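J.: One structure, pasted below without further comment.
Every number here is computed from the coordinates shown, using simple stated rules; none is lab data. Not measured: the values here are computed from a predicted model. Counting neighbours? That spans all protein chains shown, and the Cβs are built from the backbone with ideal geometry, glycine included.
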Amino acid sequence: MPIKWNFKFLSQFVLLSVLALVIMNVACSFITHGIASLAAAFYPGALYFVKTEKKLVALTIDDGPDSETTQEILAVLEQHGAKATFFLISSNVAGNEEVVAQIIQQGHELGNHMTHDEPTIKLTKSEFVDKFNKADCILSKFAKVRWFRPGSGWYSSEMIDYLVKDKRGYLCALGSVYPFDANISSLSFAVAFISLNVKPGAIIILHDRGKRGKRTVETLKRVLPKLKRRGYKIVTLTELYQTKL
């Protein structure tokens, strides 16, 4: 029996779907930029974005390395001449040393994302110091590490105080363009969110490993050409930070 398409219903469904995507993007944009701006003003200590007149955007990728997806991400970045800061979890490094070396060889940089995928804010001060230093010990064998990002994105004044007093010169970095890719699996949402919210000095946050890493590969394939056409250069955190006003 032939299928009868209800084109009026389909057009309404498509329209509602697009409208829902736009509303979700606007809402999440308000949350992301609102939190970033308020936190930067009233809860200092972390870098959320950089005030710059140059059309530079920092790309940061959390939770690697992964034996498969990290290399796929690196291939996309190389194809589009983009650089990134990879916030690695040190317990993921064992067995992936060649992948980490490849990150450095291709001109990217490493960030300290602690030893395990857990909320750093829940650690005691002594636990934080111990795990932070264990991660640094492993990652610094590949290159100097300058950036720290707490697990789950929450930090305390004690953490910042420790970084300030530490002689290694660490800085804490979060971000201003986060498409909630750790929770929202929609590729279309991530692409639209990043495209709508990027501006000079923004810091993008995406994730590596498993399905998240696969989504990041596809997201970058779609987003990087868009940003390049708009005149943006995708850089590491350090390069962006050096242009701050």
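J.: Going through the cross-link list Lys199/Lys226; Lys131/Lys211; Lys211/Lys233; Lys55/Lys228; Lys55/Lys226, which pairs have a Cα-Cα distance over 19 Å in this structure?
T.: Details: Lys199/Lys226 13 Å; Lys131/Lys211 26 Å; Lys211/Lys233 27 Å; Lys55/Lys228 10 Å; Lys55/Lys226 13 Å.
Violating the 19 Å limit, Cα to Cα: Lys131/Lys211; Lys211/Lys233.
J.: Here's something else I'd like to know. To the nearest Å, what is the center-to-center distance of segment 48-63 and segment 105-170, using C-alpha atoms only?
T.: Taking the Cα centre of segment 105-170 as reference, the centre of segment 48-63 is 19 Å away.
J.: Can you list residues whose amide H is under 5 Å from Tyr170's amide H, if they're 5+ apart or on another chain and H is modeled 1.01 Å from N?
T.: Under 5 Å from the amide H of Tyr170: no residue qualifies.
J.: Treat each spin label as a single point 7 Å out from the Cα along the C-beta direction, and report the Lys55 to Leu245 distance in nm.
T.: 1.8 nm
J.: Further question: Rg and Dmax of segment 115-245 over Cα atoms: what are they, in angstrom?
T.: 16.3, 47
J.: What Kirkwood hydrodynamic radius do you get for segment 83-157 when you take the inverse of the mean 1/r over all pairs of distinct Cα atoms, in Å?
T.: Working: mean 1/r = 0.0800 Å⁻¹.
For segment 83-157, the Kirkwood estimate is 12.5 Å.
J.: On to the next question. Subtract the Cα-Cα distance of Cys137 and Ala75 from 0.36 nm times their separation in residues, and report this length gain in nm to one decimal. Kindly include the intermediate steps, with their values, before the conclusion.
T.: On the way: separation 62, 0.36 × 62 = 22.32 nm, distance 2.74 nm.
Value of the extension gain: 19.6 nm.
J.: Let me ask another. So for the pair Ile184, Ser152, with labels modelled 7 Å out along Cα→Cβ, what separation do we get in nm?
T.: 2.1 nm
J.: From the backbone phi of segment 109-123, what are the Karplus-calculated ³J(HN,Hα) couplings (6.51 cos²θ - 1.76 cosθ + 1.60, θ = phi - 60°) in whole Hz, Gly and Pro given as x?
T.: Working through the residues one at a time gives 10, 9, x, 8, 10, 6, 8, 9, 7, 8, x, 4, 4, 7, 7 Hz.
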